[in-house]
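The values are calculated or read from the model by the stated rules, or taken from the named source; none is laboratory data. Everything quoted here is computed from the prediction, not taken from an experiment. Don't worry about glycine lacking a Cβ; one is built from the backbone with ideal geometry, like all the others, and counts go over all protein chains shown. Keep in mind that these areas ignore ligands, DNA and RNA; they rest on the heavy atoms of the full protein, side chains included. Shrake-Rupley method; radii C 1.70, N 1.55, O 1.52, S 1.80 Å.
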Amino acid sequence: MTAPLADKHVVLGVTGSIACYKAVDLASKLVQAGALVDVVMSYGATRFVAPLAFRSITHREVVTDTYDAGSEFANNHVALARRADIIVIAPATVHCLAKLALGLADDPLTTTVIATQAPLLVAPAMDAAMYDHPATQENLDKLRRRGVTIAGPAPGRLASGLMGMGRLLEPAELVGHITATLGRDGDLAGRTIVISAGGTQEPIDPVRVITNNSSGKMGYALAEAARDRGAQAVLVTAPTALPDPPLVEVVRVQTAAQMAEAVLGAVGRADALIMAAAVADYRPATAAEQKIKKTDAALTIELAKTIDILETARGDFVKVGFAAESENLAANAADKVRRKSLDLIVANDITDAASGFGADTNRVILIDRELRTEELPLLTKYEVSHRILDKVKALLPGTDGDGNRVG
Ligand code: CTP
């Protein structure tokens, strides 16, 4: 679970578009994530990128010809269809979409698609006029109705030089769509989890803010992990440098007050709230309307307390807080469990470089309502997220303590 692509068989279909170069990067990312990637290329794709490029990355045979007597595919044309955990077509051309919609099977890729039980994810790439054509839109609707996941395309600059809809999603985004599709029937399917992330910004004047060093990485990893187990993840985020995680509902806020409004509004439909954000405890009592000019005198800014979102949030949902501490980690965290009536707190020592702000890893202690503690080893933030979600699952309303639904 903590490595959603480990040992997964991914059939990567590549059809003839200039965006084929991105498919090489996608194959690389999938292999690095532990997947076994079988690439199937259309004839057009082989004119843009050589099959050797994919073979060098995947260390596996690349299928290009139905009738190549030397290939496994010619001997058993449903072998890939049978072993696939997911089929991903990226880029999918307008012609490929039409063939899929019709159910044709005139090349190794379409033959594999029609013979599989595995989920199909299609990432279109084409000129905007081709994308907008009613035939293409009808084909996409038909595929959606059949349960096919359509990822993208994105708007932007196209190969023609024109701006419009038709860019292939970036490989990192496609990986998010793939892990989400693989996990859509996961153990948190049907659950809604609200997660906060990032450091709030409290305005001093139109150009200055009080903020903190939170990168947002922990909250974003939690949202991705929840999504990859089938949950609807709602990410209420203060400004960060991170891209929006695909298939996560992202609500952007700046201040503690805005975060409070968004979180308290969203928890009504939530099964769990996880406050990973570093919420400012104080804000300037008044934000100056104009930029404060420099003088020779010292400047004092009066601070007012912000609302404690976690303490205020009440309802029938699992409540998880974070405690970023620089001393007395366990004692301070346990105090917060009581004060904020939490089901679980995730405590980390921010003086440890591997667990501090901005790191991709975290070493945390989980403390529950009964003050039972579990120390986790140093893990990636995505792995930590799954450990937290395991605990959340066991505490969810309507479950028996092992996370199995009752009633
Ligand atoms: N939190 C919150 N609203 C605030 C401040 C904190 O919801 N105004 C949440 C954080 O998101 C975190 C938890 O409360 O999940 C603990 O945050 P932390 O800053 O460690 O605790 P504080 O209550 O602010 O206590 P202190 O700063 O004194 O350690």
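Shown for the stretch 192-395 is the translational diffusion coefficient from the Stokes-Einstein equation, using the Kirkwood radius over Cα pairs, a temperature of 10 °C and a viscosity of 1.306 mPa s: 91 µm²/s. Across the chain, Cα pairs under 8 Å and at least six residues apart give a relative contact order of 11 percent.
If both residues of a DSSP beta bridge must be in the chain, then about 35% of such bridges are antiparallel.
Work out the FRET efficiency for R60 and Q117 from their Cβ-Cβ distance, taking R0 = 25 Å, and round it to the nearest 0.05.
Details: r = 21 Å, r/R0 = 0.85.
Efficiency, rounded to the nearest 0.05: 0.75.
By the scheme Lys and Arg +1, Asp and Glu -1, what is the net charge of all other residues having a beta-carbon under 9 Å from that of D205? That works out to +1. Here the label points at R146 and E302, each 7 Å from Cα along the C-beta direction, are separated by 6.7 nm in the simple model.
What 222 nm value per residue comes from the helices of the chain, counting each DSSP H run with n ≥ 4 as -39,500 (n - 2.57) and dividing by all residues, nearest 500 deg cm²/dmol? Write down the numbers at each step before the final one.
Numbers: 15 runs with 133 residues, N = 407.
Result for the chain: -9000 deg cm²/dmol, rounded to the nearest 500.
Summing +1 for each Lys or Arg and -1 for each Asp or Glu, what net charge is found among the other residues whose Cβ lies under 14 Å from the Cβ of A6? My count for the surroundings of A6 gives -2. For K29, the aspartates and glutamates whose Cα comes closer than 19 Å to its Cα, not counting residues fewer than 8 places off in the same chain, are D7, D38, E61, D85, E170, E173, E224, D228, D244, D360, E383.
Using Stokes-Einstein with the Kirkwood hydrodynamic radius over Cα pairs, what translational diffusion coefficient do you get for the chain at 20 °C and a viscosity of 1.002 mPa s, in µm²/s rounded to a whole number? Estimated diffusion coefficient is 91 µm²/s.
A DSSP coil position with no more than 14 other Cβ atoms inside 10 Å describes the following chymotrypsin sites (Phe, Trp or Tyr not before Pro) in the stretch 44-153: Y67.
The alpha carbon centroids of the stretch 82-98 and the stretch 1-38 are separated by 12 Å. For the pair N212 and S326, label points projected 7 Å from Cα toward Cβ lie 1.1 nm apart.
Computed over the Cα atoms of the stretch 165-236, the ratio of the radius of gyration to the Kirkwood radius (Rg/Rh) comes to 1.13. Summing charges over neighbours of D308, with a neighbour being any other residue whose Cβ is under 11 Å away from its Cβ, gives +2 when K and R count +1 and D and E count -1. Taking the accessible area of the chain, probe 1.4 Å, and keeping the other protein chains in place, the carbon and sulfur fraction comes to 51%.
A convex hull fitted to the Cα coordinates of the stretch 283-349 yields 146 cubic angstrom per residue.
As a test of the definition: which semi-axes, in Å, follow for the stretch 9-182 when you take the square root of five times each eigenvalue of its alpha carbon gyration tensor? Largest first, please.
Values: eigenvalues 108, 62, 49 Å².
Semi-axis lengths for the stretch 9-182 are 23, 18, 16 Å.
Holding the Cα-Cα limit at 28 Å, pick out from K291/K340; K217/K305; K305/K340; K340/K391; K22/K391; K336/K391 the pairs that are longer than that. Over 28 Å Cα-Cα: K291/K340; K22/K391.
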